[in-house]
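This report concerns only the one structure given below.
The values are calculated or read from the model by the stated rules, or taken from the named source; none is laboratory data. Note that this is a predicted model, so its numbers are computed, not measured. All Cβ positions, glycine included, derive from the backbone under ideal geometry; neighbour counts span all protein chains shown.
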Amino acid sequence: MNDKKLAQKLKQGDRLALNRAMDAYTPYLSAVAWNAMGPAASPEDVEEVVSDTFLALWSRRDSLQPEQGLKPWLAAVARNRAVDRLRSARPASLPLEEVGAADGSTPEGELERRMFADALRRAVEGLPPPDDQLVLRFYYEEEQLKDIARDLGLSVTAAKSRLCRARRKLKEILTKGGLADGTVG
């Protein structure tokens, strides 16, 4: 069953379609959650994000737009749930001498990296549609450009051009914020 038919069946309240969606998309959504949560994620966190995503799918099935497919909707929900989970989680504390010991990083370097990642995420989310989805799906979710272009109703050439313009816009935004080189300035 293709993505659009699956979305139609879900919208009609077909529980078998939910099972099929879970079978088809659990590995993909697990990867989306891992990518969004980074090293802070435990397998239990990822499992909960995926479960929450399918719960949201079922509870919001009436608002699905089958012509847009299911995969982009699921990925956005999983990413948002993962980010929400990160925000609500209390960071585990390590003795200061252990911080950075494993990878040679310093607390200051890690803070700069996180601040840059947060600034970049906010800048990407501030891009106009469909550029925001194009960047998120290509760079964060590592989807194929041809698939993203198809889902967004763009040619691959147009998607490449939009990606190029979006990168320039992001660099401009981050430069104004003093972050273009990847460091907090």
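The listed residues are 27, 43, and the only one of them that is surrounded by fewer than 16 Cβ atoms within 10 Å (Cβ to Cβ) and modelled with pLDDT of 90 or more turns out to be 27.
Would region 57-69 turn up any residue that is acidic (Asp, Glu) and under 18 Å from the mean Cα position of the chain (by Cα)? Before the answer, list the steps.
Step one: filter region 57-69 for residues acidic (Asp, Glu), giving 62, 67.
With under 18 Å from the mean Cα position of the chain (by Cα) added as a condition, the list becomes none.
Checked against the condition, which is being acidic (Asp, Glu) and under 18 Å from the mean Cα position of the chain (by Cα), region 57-69 yields no hits at all.
I'm checking my understanding of the structure. Among residues of region 134-165 that are touching a residue at least 40 places away in the same chain (Cβ under 8 Å) and part of a helix (DSSP H, G or I), which one is farthest from residue 73 (Cα to Cα)? Checking each candidate, the answer is 140. Criterion applied to 72, 129 was being part of a helix (DSSP H, G or I) and at pLDDT 85 or above, and the one residue passing it is 72. A search for C-beta distances below 7 Å between a residue of region 5-27 that is within 17 Å of residue 68 (Cβ to Cβ) and any residue that is in a helix (DSSP H, G or I) and of a type in the set (Gly, Ala, Ser), counting only pairs 6+ apart in sequence or on different chains, returns 6/17; 6/21; 9/17; 10/17; 10/21.
If the condition is being among the β-branched types (Val, Ile, Thr) and either out of contact with any helix residue (DSSP H, G or I) (no Cβ under 8 Å at 6 or more places or on another chain) or modelled with pLDDT of 85 or more (or both), then region 165-179 contributes only 175.
Does residue 114 satisfy the condition of being among the basic types (Lys, Arg) and modelled with pLDDT of 80 or more? No.
Do we find that residue 38 is at pLDDT below 85 and either crowded, with 16+ Cβ neighbours inside 10 Å or not aromatic (Phe, Trp, Tyr) (or both) in this structure? Taking the combined requirement at face value, the residue satisfies it.
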